[in-house]
Every structure is written in C-alpha cells, then in structure tokens.
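A short worksheet on the structure shown next.
The values are calculated or read from the model by the stated rules, or taken from the named source; none is laboratory data. Remember, predicted model here, so these are calculated numbers, not experimental data. Glycine also receives a Cβ, built like all others from the backbone with ideal geometry; neighbour counts cover every protein chain displayed.
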Amino acid sequence: MLNVRLRNLSTGPDLRYAFNEVGYQEFVKTELISCIKLHQRLIRCVEAINNLLYFPIFYYSASAVLLALAIILGPKTSASALRYGFIVMAAFSLILVFCILGQLLENEFEKVFVCGCNTAWYLWNTDNRTFLCLFLCKTQKELVLSSSGIVTINYQLLISVYHIVMVTQIRAKDLFQILSTAPLGVILLGVIGICATVGFCMLGQLVESESEKIFTSAYSTCWHLWNTENRKLLWLFLLKTQKNLVITCSDIITINHEFLIRLYRTLYSALMFQLHIYETL
C-alpha cells in the first residue's frame, strides 16, 4: 500500500504546470503525510516483531546445535534416523517460512526508497520537498526481521544454515577429537576468553541498539505537523544520527554481535587449519 501511494505521486494530469497549482501541492502534502504515518506504523510493527523474535531465535539456535550433536554423536539406528529426519524436515520448513517472509519484507521496504526517489519531486514546492527529504532519510535504511542484529532472517540465512550443517556434518567428530586431546588449562582459558568477549560484544551491541533507537524515535515524532524551521532542525539531527554510535578498538574492530560471528568464523578456520596439520602428521 505504501509503495502504491508513492507511485501515485509520480503520475497525474498536467505535471508540467503542477508547481503553480495550489490544489496539486496540497494533494501531494496530504499524500506524503499519509505515507509518513503509514511508514511510522510499519516501523513500530517491525520493531515489535523483532523484540518478540529475540529470545526464540537464541532458543531455536541452541536447539539446532543440540540436534546436530545428537545426530552426529548419537546411535545410528533406523528408528533414530527416521526420528531425526522428521525433526530436520520440520525445522527446515519453519526456517524456510520465516526466511521467505523476511525476504519479502526486506524487498518491499527496499522499494519504498526507490519509489520515493521516483516521484515528481522536482515539481513540488519547498515544503513538500522537505517532507520528502525527511522521509528518505529514514527509508535509506532497510527494515529487516532480525534478532538484535546477530541473525537477519532472509534468503542469506538459508545459505548460511546449509553451509554450517554441511561443514558440521563433515568435521564435527574430528573437531571433538582435537579438543579431547587439548590440555584442560587451555580449554578453560579459551572458555574464559570467549565469555569475556561475549560480555563486551553484548555491551557494544546494547550501545549500538540504543543509538539506533534515537534515530527511529526522532523520525517517529509528529514532525509533519511542525513548521519549516523545526523540520530543518530535525533534518540536521537525523543526518547525524543516521550513523549509529559504536564501541570500537582503534576504529579497526567494531564490538557488537556481528563481531561474534566473525570471531566464530576465524576460530573455525583456525581449527580447520589445525585439523589439516593433524591429518598430515
């Protein structure tokens, strides 16, 4: 609905003379305000869904890890294989449904910015252009289904899940064999390091999430009822708050949940390298 209303602003009779038509400018202003209110409601709806998905995503991820360990290390019987097969099919179906919905949502919100840029804004007056600029400031950033920024639910998640499942299936027993031969002190030191890293990453993600909420809260105000001077002040504020505040290490490493994923990939690559050396000896 939002994209359709934005497309309607790029069509109309006698657009060449629309700049001087008061009725057309009032129509554009009314439609823009309606689009802004609808967009604000959609943002609040997506935020509510993401808040609901926060804990279930972690629970679902932990269940997937336990299921993978049970399949790899459990007894290999026909009954257990049938049971695990049904569980995997159900889990994959659930992931597929959520990923399709997340990708559709991401695609539609991406079209919002494109439709806003494709309007006949060059025929609008200054007031309407200000409305559009503030609207585009927020729509530059796509809305997605995610769990605190660590898992984005779209088609890319399907590829990641497939990659993790295939690699885990191939190398899990070898990794357990390497870890079983490692000294206990090294394992404890690694666990302590991981816990400390997780704590710092959670703190960094909290700062980034709260900073992002500042931008969303400012955009969610009734700024369409303000005068031109106040809207310009808000525009300058939004331009600055578009970039989230983050905790970094000398501007090299951003400490957040995404850093945990990169750290996991780095550790996994190091273990794979260690495994390759272990097999060649």
Scan the range 171-197 and report the pairs whose first residue is farther than 17 Å from A270 by Cα and at pLDDT 65 or above and whose second residue is of a type outside the set (S, T, N, Q) and surrounded by 10 or more Cβ atoms within 10 Å (Cβ to Cβ), with Cβ atoms within less than 7 Å and a gap of 6+ or a chain change.
-> T197/L263
Sort through N51, N107 and tell me the only one that's closer than 28 Å to R262 by Cβ, modelled with pLDDT of 80 or more and polar (S, T, N, Q).
-> N107
I159: passes all of (1) surrounded by fewer than 13 Cβ atoms within 10 Å (Cβ to Cβ); (2) at pLDDT 80 or above; (3) of a type in the set (A, V, I, L, M, F, W, C); (4) farther than 30 Å from N118 by Cα but (2)
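Filter the range 14-25 for residues that are of a type outside the set (S, T, N, Q) and surrounded by fewer than 12 Cβ atoms within 10 Å (Cβ to Cβ); which is modelled with the highest pLDDT? If you could, list the steps in order and put the result at the bottom.
Within the range 14-25, the first condition is being of a type outside the set (S, T, N, Q), and the residues that meet it are 14-19, 21-24.
Within this subset, residues satisfying the condition of being surrounded by fewer than 12 Cβ atoms within 10 Å (Cβ to Cβ) are 14, 16-17, 22-23.
Numbers: D14: 52, R16: 53, Y17: 50, V22: 75, G23: 79.
Top of the filtered list is G23.
Determine whether L239 is among the aliphatic types (A, V, I, L, M), part of a loop (DSSP other than H, G, I, E, B) and within 23 Å of the chain's Cα centre (by Cα). Before you say what the answer is, go through the steps one by one.
Details: among the aliphatic types (A, V, I, L, M): yes; part of a loop (DSSP other than H, G, I, E, B): no; within 23 Å of the chain's Cα centre (by Cα): yes.
So L239 does not fit the description; no.
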Pairs, first within 14 Å of H39 (Cα to Cα) in the range 124-146, second of a type in the set (S, T, Y) and part of a helix (DSSP H, G or I), C-beta under 6 Å, six or more apart = K138/Y219
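For the range 185-242, enumerate the residues that are among the small types (G, A, S) and surrounded by 14 or more Cβ atoms within 10 Å (Cβ to Cβ). Write out each step before concluding.
Quick first cut of the range 185-242, residues among the small types (G, A, S) only: 185, 190, 193, 196, 199, 204, 209, 211, 217-218, 220.
Of everything in the range 185-242, those that are among the small types (G, A, S) and surrounded by 14 or more Cβ atoms within 10 Å (Cβ to Cβ) turn out to be G204, S209, S211, A218, S220.
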Say whether the condition of being surrounded by fewer than 19 Cβ atoms within 10 Å (Cβ to Cβ), touching an Asp or Glu at 6+ places or on another chain (Cβ under 8 Å) and in a loop (DSSP other than H, G, I, E, B) is met by at least one residue in the range 133-144.
-> yes
Log entry, pairs with first residue in the range 246-260 being in contact (Cβ under 8 Å) with a residue 12 or more places away in the chain, second being of a type in the set (D, E), beta carbons closer than 8 Å, six or more apart or on different chains, reads V246/E208; I247/E208; N256/E208
Take the range 242-253 and flag every residue that is within 16 Å of the chain's Cα centre (by Cα) and of a type in the set (S, T, N, Q).
-> Q242, N244
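Identify, from the list A91, A68, the residue that is surrounded by 13 or more Cβ atoms within 10 Å (Cβ to Cβ), modelled with pLDDT of 75 or more and either polar (S, T, N, Q) or more than 15 Å from the chain's Cα centre (by Cα) (or both).
The conditions single out A91.
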Of the conditions (1) at pLDDT 75 or above; (2) of a type in the set (A, V, I, L, M); (3) farther than 30 Å from M202 by Cα; (4) exposed (fewer than 13 other Cβ atoms within 10 Å of the Cβ), M1 clears all except one; give me its number.
-> (1)
